[in-house]
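Notes follow the structure.
The values are calculated or read from the model by the stated rules, or taken from the named source; none is laboratory data. Fair warning: this is a prediction, and the values are worked out from it, not measured in the lab. Cβ coordinates were reconstructed from backbone atoms using ideal geometry, including for glycine residues, and neighbour counts include every protein chain displayed. Remember, those area values only see protein heavy atoms, side chains included, never the ligands or the DNA or RNA. Shrake-Rupley method; radii C 1.70, N 1.55, O 1.52, S 1.80 Å.
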Amino acid sequence: QVQLVESGGDLVQPGGSLRLSCAASGNIFRVYGMGWYRQAPGKQRELVATITSGGTSNYADFVEGRFTISRGNAKNTVNLQMNSLRPEDTAVYYCNARVQTLTTMAILERWGQGTQVTVSS
């Protein structure tokens, strides 16, 4: 079994910053790409940013240079540094990973449970 655990969500004022972290653990042989998605109330889940195992990153247009995704120093972790936060960034942020399992070598997609980010004054 593979688990993704996010942390770092909080209430922050407009213009503030937050750093989200996600760690993958369990039956893992290899982690390929990792990423962050978000879902606001009444809206569909959308891509925020992704990063490959080689470090190539991709961002949604709405990021506009405010967020940075990075692979963590610890193995199988990913971070999302969010600066200049806006009220419209309010959402539940989900970690996603493409993982090859140790026991069967199957390649699976896994999601974390989500962490709430609220941007409000």
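Miscellaneous remarks
- Every residue from the stretch 88-121 that is in contact (Cβ under 8 Å) with a residue 24 or more places away in the chain, of a type in the set (S, T, Y) and loosely packed, with under 12 Cβ neighbours inside 10 Å: T103, S120, S121
- L85 vs. criteria open to solvent by less than 30 Å² (accessible area, probe 1.4 Å) and not in a strand (DSSP E or B): yes
- Scanning the stretch 18-69 for residues that are assigned to a strand (DSSP E or B), open to solvent by 40 Å² or more (accessible area, probe 1.4 Å) and within 13 Å of V92 (Cβ to Cβ) yields Y37, Q39, E46.
- Of all the residues in the stretch 73-82, those that are part of a strand (DSSP E or B) and either in contact with a Phe, Trp or Tyr (Cβ under 6 Å, 6 or more places away or on another chain) or open to solvent by 10 Å² or more (accessible area, probe 1.4 Å) (or both) number 5.
- Every residue from the stretch 88-103 that is part of a strand (DSSP E or B), of a type in the set (S, T, Y) and farther than 20 Å from Q116 by Cβ: T101
- Hits in the stretch 1-17 - residues which are in a loop (DSSP other than H, G, I, E, B) and open to solvent by 70 Å² or more (accessible area, probe 1.4 Å): Q1, D10, Q13
- Test result for L4, at pLDDT 95 or above and closer than 21 Å to T101 by Cβ: yes
- Residues of the stretch 58-87 that turn out to be at positive phi and without any contact (Cβ under 8 Å) to a residue 12 or more places away in the chain, as a count: 2
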